[in-house]
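The values are calculated or read from the model by the stated rules, or taken from the named source; none is laboratory data. Keep in mind that what you see is a predicted model, and the values were worked out from it rather than measured. Here the Cβ positions follow ideal geometry from the backbone for every residue, glycine too, while neighbour counts run over all protein chains shown. The accessibility values were calculated without ligands, DNA or RNA, using every heavy atom of the protein model including side chains. Shrake-Rupley method; radii C 1.70, N 1.55, O 1.52, S 1.80 Å.
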Amino acid sequence: MAEFTLKEIKSLEYVRPEIEKGYTDHSLHVDLSSKEVKINAIEPKVKEKFIGGKGYDLWFMWNSVSGKTKWNDPENAICIASGPLGGTPGYPGGGKSIVTTISPLTGIPIDSNVGGYFGPYTKFSGFDVLQITGKSDAQIVVLIDGIDSKIKLYEAEGLTDDSYTLSAQLTDYFDKEKPVNISVVSTGSAAKHTELGCLNFTWFDAKRKRVRYKQAGRGGIGTVFAHKNIKAVVARWGSVSMKSNNPADFDAMKNVTKLHAGEINELDPKQNRMALVGTTHLVPIMNDHDCLPVNNFKYGQHPEAHNIGEAVYEHIFDKGFDGCWRGCAVACAHGVKDFVPFTGPYKGQKVFVDGPEYETVAGCGSNLGVFDPFFILEMNFYCDTYGLDTISIGTGIAFVMECFEMGLITKEHTGGMDLSFGNRLNALELLHQMVRGEGFGMIVGKGIRKMKAIFAKDFGADAAIMQDIGMESKGLEFSEYMTKESLAQQGGYGMALKGPQHDEAWLIFLDMVHNFMPTFENKAEALHWFPMFRTWFGLCGLCKLPWNDIVPEDNRQNPEPAKVVKHVGWYADFFSSITGRKVSPDDLIPMSEAVYNFQRLFNLKMGYGTREFDTLPYRAVGPVTVDEYLSRIERYDKDLTENYKVDITGMEIAQKVAVLRKHREARYEQLKDAVYKRRGWTSNGIPTVETVKRLGIDFPDVMELLKANGVE
Amino acid sequence: MITVDEKKMEWHQGITIRELLDMLENTQFCAAVRLNGKLVSSPSFDTTKIPDNAVIYILPLIAGG
Ligand code: SF4
């Protein structure tokens, strides 16, 4: 192991704020430029309105940045918070952290909900939210030591850039005796050369005696982290119990925890078996329903997809408990022991791979035309180690491969590499180039939006076709679901605040398979309720998977099974029992609505947040090319004749493609109208004065912003 | 005899998953079942025949990532 030194340059001893009903009511601010460390009380009105987690992150960011702030300006903040319910051992999904920053890809706030112990440990150390601003000259390690009540800054020398080794080294360094007391946040060596950097959040797996990882993947947060010259942020905390949050009603909390965990223990083995296969059960199901992205979202199915689904990974995953939070009964954070990479710096060595999850399998597998489970493991491993987002990497390389196959780019541009679909070695080589800061990988690392501009300007590629097949919206790469046949999910991606990530709304099956929301108004209602409810998890420090991936046995008797109302009731009870703020299920949506609308206004403040930015590449809406149309000709012909009443007799395929496009694009615009109306926004997608007043977010600067955008 | 969500049911030669679901209540949101440990998705419900003594679990509404 390489030698490294950590030179202490700042130490602040503090009196640890006690936790009261899930909150410490204090925030921690670290300015890397001045090396100032401050602890502030959080005002009750901020708590009332923003709840915690993502709500706190956004509030502190809002006050740190101006509308002109770019991702690499020192005032851009990285905020990390759990939430009032975060850190409850045994409650399924009860220990998440939410990270936000201004994204290098989108220029607006990005948020990422991540496992590992960092958020809860930071809270137990005294802080509901951590805000890091500024930029350090030297490489910095920040330590939040709740055991010794000290915040320390260190200048680091000789520490590896490689997240896999770095986290293990720092865990060992800061608590050799009790590594379980440590959680490390770091990025990897590719984050500084790309805009796709992720953060790795760790926990120590006591059974396997090793550091494990979960990623705050989306939007280039790792790139901001690396740019600020942060090597790692480390939280140190000791014992955690059900009393750690000092809940208002301990018995009620214990009761609801028991109910939810008990149900999962009983039903997961009968339902999705996530404790065995994680989210890889989705691979065959998506494939069977023509929703698995294949070859840059061109197709939704492939005969070899079974090679990368649950039936294979069940046997590859290392057996044992895999909760990314203590006692999470879902325990879906699986990994693979003794994997031996066949390329790169770890070639020939045994490593542990944390993952893959569905998104990585689909993004770095089927979407690249590769159906080799071990290749996916290698992509997964190097993305984590190098600090890269597997989703943006998968979707980005898929775009490059289609450009290559279409002849929009050639070997002349790729440094001699054949980047046809299925080329495993060259896909991996792109990652290694991103770490070395060289070659075509550096261009791929800029993300699809910038690639499109470079390919058009420097390589003379056709901008219009790249606009259609480049799967990004707002600058963020799509996550891994095919949306062509689900208008509601097109809305779920196109109108998602941060860009096309499915954590806001996942409506494909309700819409496409079950035709549960036939009208625009039905879809708009779903695109109100689901994003709001899903936002709530991020306010409270929770994982959404236990809500609807394991459901009560009688759930299907409910007229709206997708809402899993029994669990919504449990979440209301859980919130009441910890915070003492009595809420009913109906109160949860308005809580989220305030934060959701505030984030939309934040986009507006940054120069976005209006209708023109809620756009989609046509590949997300319908068939771009003639062969794509031909591959599902019956479906598209039927759509034209039955839904749009078009007489297709004698029409050439190219003409059908064009007519279908006109109709489908118009339909998406109609959906936007319906959704904006339901959300209380203007037809330009801006929250109205009435909406912000109703939600109590009519702060003077919000009203000024609205006025400046013609909303009075 | 087959077992569906841990309840015994009569079996007859040639019964498909679709026919089974049609006999049960509130299965309109079923997009996948587990038949003897293997996933079967809705596009194959009409053509997948259930063998005698099969163990079937009706999976909940697919919730995505
Ligand atoms: S459900 Fe899975 S991802 Fe969510 S907290 Fe539990 S182990 Fe982590």
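At-a-glance table
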read-out: Environment charge of A:Arg611, counting only residues whose C-beta is closer than 10 Å and scoring Lys/Arg +1, Asp/Glu -1; value: -3
read-out: Unit Cα scatterers, Debye sum, the protein assembly as shown: log10 I(q)/I(0) for q = 0.11 Å⁻¹; value: -1.25
read-out: Only Lys, Arg (+1) and Asp, Glu (-1) charged, at Cβ; segment A:622-679 dipole about Cα centre in debye; value: 500 debye
read-out: Label-point separation, A:Arg635 to A:Asn255 (7 Å along Cα→Cβ), nm; value: 4.8 nm
read-out: Given charges at Cβ of Lys, Arg, Asp, Glu: segment A:5-236 dipole, positive-most of A:Tyr91, A:Ile9, A:Ala41; value: A:Tyr91
read-out: Radius 14 Å from Cβ of A:Pro559, net charge of other residues (Lys, Arg +1; Asp, Glu -1); value: -1
read-out: Coarse-grained scattering of segment A:5-236 at q = 0.10 Å⁻¹, given as base-10 log I(q)/I(0) from a Debye sum over alpha-carbon atoms; value: -0.39
read-out: Radius, Kirkwood style, for segment A:1-135 when every pair of distinct Cα atoms is counted (Å); value: 15.6 Å
read-out: DSSP beta bridge pairing in the protein assembly as shown, given as percent antiparallel to the nearest 5; value: 85 percent
read-out: Largest-first principal axis extents of the Cα set of segment A:622-679 (Å); value: 41, 21, 15
read-out: Residue-by-residue Karplus 3J(HN,Hα) for segment A:151-156, coefficients 6.51, -1.76, 1.60, Hz, glycine and proline x; value: 10, 10, 10, 10, 8, 9
read-out: Debye, to nearest 20: dipole size of segment A:5-236, +1 on Lys, Arg Cβ, -1 on Asp, Glu Cβ; value: 520 debye
read-out: DSSP-loop trypsin sites (Lys or Arg not before Pro) across segment A:144-248, with at most 16 other Cβ within 10 angstrom; value: A:Lys176, A:Lys207, A:Arg208, A:Lys209, A:Lys243
read-out: In Hz, Karplus ³J(HN,Hα) per residue of segment A:508-516 (6.51, -1.76, 1.60; θ = phi - 60°; x = Gly, Pro); value: 4, 6, 4, 7, 7, 7, 9, 6, 7
read-out: Solution diffusion estimate, µm²/s, Stokes-Einstein, segment A:139-291, Kirkwood Rh from C-alpha pairs, 10 °C, viscosity 1.306 mPa s; value: 87 µm²/s
read-out: Around A:Pro179: net Lys/Arg minus Asp/Glu count, Cβ-Cβ under 12 Å; value: +3
read-out: Accessible solvent surface per residue of the protein assembly as shown, calculated while the other protein chains remain in place, 1.4 angstrom probe, Å²; value: 35 Å²
read-out: Diffusion coefficient, µm² s⁻¹, Stokes-Einstein with Kirkwood Rh over alpha-carbon pairs of segment B:2-58 at 20 °C and 1.002 mPa s; value: 193 µm²/s
read-out: Entries in A:Lys21/A:Lys258; A:Lys176/A:Lys337; A:Lys452/A:Lys677 that, when Cα-Cα distance is taken, lie over 26 Å; value: A:Lys452/A:Lys677
read-out: Long-range Cα-Cα pairs in segment A:294-383 (distance over 17 Å), rounded percent; value: 51 percent
read-out: Positive-pole candidate from A:Leu199, A:Gly126, A:Tyr173, dipole of segment A:5-236, charges at beta carbon; value: A:Leu199
read-out: Projected label distance in nm at A:Asp647 and A:Gln349, using a 7 Å step from Cα toward the beta-carbon; value: 7.1 nm
read-out: Between A and B, accessible area buried - total, square angstrom, nearest 100, 1.4 angstrom probe; value: 2400 Å²
read-out: Carbon and sulfur %, accessible surface of segment A:575-671 computed with the full protein complex present, 1.4 Å; value: 51 percent
read-out: Extent along principal axes [Cα atoms of segment A:60-118; Å; largest to smallest]; value: 43, 21, 14
read-out: Given charges at Cβ of Lys, Arg, Asp, Glu: segment A:497-563 dipole, positive-most of A:Val551, A:Met532, A:Asn515; value: A:Met532
read-out: Derived scalar couplings ³J(HN,Hα) [segment A:476-492; Karplus, 6.51 cos²θ - 1.76 cosθ + 1.60; whole Hz; x for Gly, Pro]; value: 9, 5, 5, 7, 9, 10, 7, 10, 3, 9, 10, 4, 4, 6, 4, x, x
read-out: Cα-based shape type of segment A:160-212, given that a ≥ b ≥ c are square roots of the gyration tensor eigenvalues and the cut on a/c is 1.5; value: prolate
